Every structure is written in structure tokens, then in C-alpha cells.
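What follows is a short report on a single structure.
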Amino acid sequence: MAYVELTKENFEEVITSNDTVVVDYWADWCAPCKSFGPIFEKVSEDFPGAVFAKVDTQNEQEIASWFQIRSIPTLMIFREKVIVFSQAGALPEGALREVVNKAENQDMEDVHKQVAQQQAKKENQAPPA
């Protein structure tokens, strides 16, 4: 098996204990999801440093709701617990490889700085009167 099934029981552990996690949100009734599945599995074999995982949105509705998944398949990539990519729709094999490669090579020091700046900005905004 080239991917991990994510559930509400293991989701946080998988995300927090791995540097790169590529998540496919899917459902059994979804034809595009089924055609994307073999591409997802094939590409996973070429990225041994990343964890490829799937969330069955029918069985894991809490996770799908938390991440506001409105369309499937949706692909999401976490790097160091930060979402660095999120897009609905099935990707062709070449595009999936490119997206994962870019995510793995992203300057995470800069990403963490940006996240910290955004959080500080939110904290400094006055609440509505």
C-alpha cells in the first residue's frame, strides 16, 4: 500500500509527526476520485520522504468539515504542519509530481515567518464594536 488511510483517530499524529503529508480527500461514489486514485498511488512511490494519505470524506465527515472540503477530489499538502497547497479537482500525473516537488522544496523558514505575521496581524486587529 502506497498511502495511509487518515481517520479522526490518527489524523493529528500523521500530520504532526511527518515533514510532508500529501492528502487526497475522496469518496467511493466519486468517479473523478476513482480515476485519480491510481495516479496518486503511482506518484507516491516517487516521493519516499513524503507520506501520502487519503481521507474518505463519507466516513470521516468531521475531518472534511474541519477543512471545509466542498468538492472532491481535493488535494492538500502539509509541510511542517502548515497547509502549503490546497486545490479541488484531480490533477494529471505530471502536475501532481510538480506540486509535490515544489512543496518539498519550499523554504519553510519563510513560510513560518509569514504564518507568524498573519497570526500577529489577526491578534492586533480590534474586535468589532
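Worth a mention:
- Entirely in segment 56-129, the helices (runs of 4 or more DSSP H) that have 3 or more residues that are among the basic types (Lys, Arg) and under 24 Å from Ile39 (Cα atoms): none
- Segment 1-33: number of residues that are open to solvent by 20 Å² or more (accessible area, probe 1.4 Å) and in contact with a Pro (Cβ under 9 Å, 6 or more places away or on another chain): 2
- Residue in segment 69-77 that is out of contact with any strand residue (DSSP E or B) (no Cβ under 6 Å at 6 or more places or on another chain) and either within 21 Å of Phe11 (Cα to Cα) or surrounded by 14 or more Cβ atoms within 10 Å (Cβ to Cβ) (or both) present: yes
- Selection count, segment 1-40, where residues are without any contact (Cβ under 8 Å) to a residue 40 or more places away in the chain and either within 13 Å of Pro73 (Cβ to Cβ) or aromatic (Phe, Trp, Tyr) (or both): 6
- Residue ID - surrounded by the most Cβ atoms within 10 Å (Cβ to Cβ), chosen from residues in segment 34-47 that are touching a strand residue (DSSP E or B) at 6+ places or on another chain (Cβ under 9 Å) and assigned to a helix (DSSP H, G or I): Phe40
- Just one of the listed residues (Ala103, Ala50, Ala116, Ala88) is of a type in the set (Gly, Ala, Ser), in contact with a strand residue (DSSP E or B) (Cβ under 6 Å, 6 or more places away or on another chain) and open to solvent by 30 Å² or more (accessible area, probe 1.4 Å), and it is Ala88.
The values are calculated or read from the model by the stated rules, or taken from the named source; none is laboratory data. If you're wondering where the values come from, they're calculated on a predicted model, not measured in any experiment. Neighbour counts are summed over all protein chains in view; Cβ atoms, including those assigned to glycine, are modelled from backbone coordinates with ideal geometry. Keep in mind that these areas ignore ligands, DNA and RNA; they rest on the heavy atoms of the full protein, side chains included. Shrake-Rupley method; radii C 1.70, N 1.55, O 1.52, S 1.80 Å.
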